1. Hey, can you tell me all the residues within segment 89-105 that are under 19 Å from the mean Cα position of the chain (by Cα) and over 16 Å from residue 127 (Cβ atoms)?
2. Could you give every pair whose Cβ atoms fall below 9 Å, whose first residue belongs to segment 89-109 and is in contact (Cβ under 8 Å) with a residue 24 or more places away in the chain and at positive phi, and whose second residue is part of a helix (DSSP H, G or I) and surrounded by fewer than 15 Cβ atoms within 10 Å (Cβ to Cβ), counting only separations of at least 6 or pairs across chains?
3. So for segment 251-259 (the condition being at pLDDT 95 or above, under 25 Å from residue 149 (Cα atoms), surrounded by 16 or more Cβ atoms within 10 Å (Cβ to Cβ) and touching a strand residue (DSSP E or B) at 6+ places or on another chain (Cβ under 9 Å)), does at least one residue qualify?
4. Considering every residue within segment 191-206, establish whether at least one is modelled with pLDDT of 95 or more, more than 26 Å from residue 249 (Cα to Cα) and within 17 Å of the chain's Cα centre (by Cα).
5. Would you be able to say whether some residue in segment 42-62 is closer than 27 Å to residue 206 by Cα, modelled with pLDDT under 95 and surrounded by 20 or more Cβ atoms within 10 Å (Cβ to Cβ)?
6. Wholly within segment 25-86, which strands (runs of 3 or more DSSP E) include no fewer than the required count, namely at least 3 residues that are touching a residue at least 60 places away in the same chain (Cβ under 8 Å)?
């Protein structure tokens, strides 16, 4: 199941939609070590459990990779995105899950067309860096959540983004792509200013930071066959993770140059 989720998820955010076999295997291991898709505990991310009684808003849902995990847990899932085709794809994907309800929303989140206190889980993955007014966006997320709701929010990390500034095409940092870089303290403060309590803060994705740096050098589309440089990097990382010390080294590298910052927060 994790492999299916990874393929759908990565088509949306940080990696190719289809991966060579060795990249699939790598992602299953690397992503699990990072804390994602904990089927044994029912956690979408460590500290963010999902159960059938939950109502989830996945804002900026993309193709529905994260929402798919929530649907597999039997939850009600609201998939929302500014792109109608992505919402339709996510809705179609979730129809094959045990989700008790799937609600599609095409919205720019200003405002979100939901009543106050509608959900008890909010997922916003790699969305805030695209948003013109992050404070207003956060206020809408908080408004539609019940007291006690959990939030899972990620943004690209500042270290990797500053490297990307030097090597990625200029369009990478133009609307509708990344229009801001969040310093770590700035990200924390945005969450607190929205009235949320930060319960967990972490980072992950050294592998994907380097993958993207190499990707620009390869000058290829986001589709296979992959350049030998990308395949070699994947093989190297996979070899590292197979070693007894691999997980410990991955953790140190994730902390040093992660792809993304992650916050799990709660509405009082």
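The values are calculated or read from the model by the stated rules, or taken from the named source; none is laboratory data. If you're wondering where the values come from, they're calculated on a predicted model, not measured in any experiment. Cβ atoms come from the backbone with ideal geometry, glycine included; neighbour counts cover every protein chain shown.
1. Pass one, segment 89-105, residues under 19 Å from the mean Cα position of the chain (by Cα): 89-91, 93-94, 104-105.
Once the filter is applied, which keeps residues that are under 19 Å from the mean Cα position of the chain (by Cα) and over 16 Å from residue 127 (Cβ atoms), segment 89-105 yields 89, 91, 93, 94, 104.
2. 109/136
3. Taking segment 251-259 as the starting set, the residues that turn out to be at pLDDT 95 or above are 251-259.
Filter once more, so that each one left must be under 25 Å from residue 149 (Cα atoms): none.
Checked against the condition, which is being at pLDDT 95 or above, under 25 Å from residue 149 (Cα atoms), surrounded by 16 or more Cβ atoms within 10 Å (Cβ to Cβ) and touching a strand residue (DSSP E or B) at 6+ places or on another chain (Cβ under 9 Å), segment 251-259 yields no hits at all.
4. Going through segment 191-206, the residues modelled with pLDDT of 95 or more turn out to be 191-206.
Filter once more, keeping what is more than 26 Å from residue 249 (Cα to Cα): 191-198.
Now restrict to residues that are within 17 Å of the chain's Cα centre (by Cα): 191.
Yes.
5. At the first step, the residues of segment 42-62 found to be closer than 27 Å to residue 206 by Cα are 42-50, 58-62.
When the remaining residues are screened for being modelled with pLDDT under 95, the result is 62.
Of the ones still in play, those that are also surrounded by 20 or more Cβ atoms within 10 Å (Cβ to Cβ) are 62.
Yes, because at least one residue in segment 42-62 is closer than 27 Å to residue 206 by Cα, modelled with pLDDT under 95 and surrounded by 20 or more Cβ atoms within 10 Å (Cβ to Cβ).
6. Numbers: elements: 36-38, 43-45, 55-59, 76-81.
Qualifying strands (runs of 3 or more DSSP E): 55-59.
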